[in-house]
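Notes for the one structure printed next.
The values are calculated or read from the model by the stated rules, or taken from the named source; none is laboratory data. Nothing here was measured: the structure is a model prediction, and the numbers come from that model. Glycine gets a Cβ as well: all are built from the backbone with ideal geometry, and neighbour counts include every protein chain shown. Accessible surface areas use protein heavy atoms only, side chains included; no ligands, DNA or RNA. Shrake-Rupley method; radii C 1.70, N 1.55, O 1.52, S 1.80 Å.
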Amino acid sequence: MTMVAYVNDALPLIGQAVASLIAAAAFGVLFQVPKRTLLPCGVTGMVGWLAYVLLDRRLDAVPATLIAALVVTVAAQLFARTYRIPVIVFSVAGIIPLVPGGVAYDAMRSVVENRYDDSLPLAAKAFMMSGAIAVGLVLSEVVNQLLLPKVKNAKHEEPQP
């Protein structure tokens, strides 16, 4: 890959990263999160969006969304522990860039224009992507609940010198 091709690929990705950071932080403002958590909310959304974009190149949109939602919730849990604030503050703002609003809009537009053959696959895709977000949020929380007690027990069992 030439340097010019690398820069052309990287710039749109940097723009998307900045846009997703701003979008997630803006939703943090809308949800009235504490001011000190606005940047971490934005970073959570940015990390999730970048995971989605990079995975969408190799996978279908639904599994890419599922994995990106897992990434968002892991980042949200890390920030929640760091800032000692409920995880929902970071996960809700962070998941916003993954919401399939464009696909849902295209599906609805196809219905309005009487193009039902186009609308059904788009609506199904939007529905499955939304479901993947929900499954990713729940799955990460379940894994966190299963692993957290084991990590705490391992810290208490360390031998003292």
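Some observations on this one:
- Shape metrics for the chain, restricted to C-alpha atoms - Rg then Dmax, Å: 18.6, 75
- Rolling a 1.4 Å probe over the protein heavy atoms leaves SER130 with an accessible area of roughly 60 Å².
- The chain: most fluctuating residue of PRO100, PRO149, PRO34 per GNM, C-alpha cutoff 10 Å: PRO149
- Heavy-atom accessible area, probed at 1.4 angstrom with all protein chains present, ranks ILE22, ILE85 as ILE22, ILE85, highest first.
- Accessible surface, 1.4 Å probe, highest first, among residues VAL138, VAL111: VAL138, VAL111
- Solvent-accessible area, 1.4 Å probe, carbon plus sulfur percent, for the range 1-145: 71 percent
- Relative contact order of the chain: 22 percent, from C-alpha pairs under 8 Å at least 6 residues apart in sequence.
- Selection of trypsin sites (Lys or Arg not before Pro), the range 51-105, meeting DSSP coil and at most 11 other Cβ within 10 Å: ARG57, ARG58, ARG84
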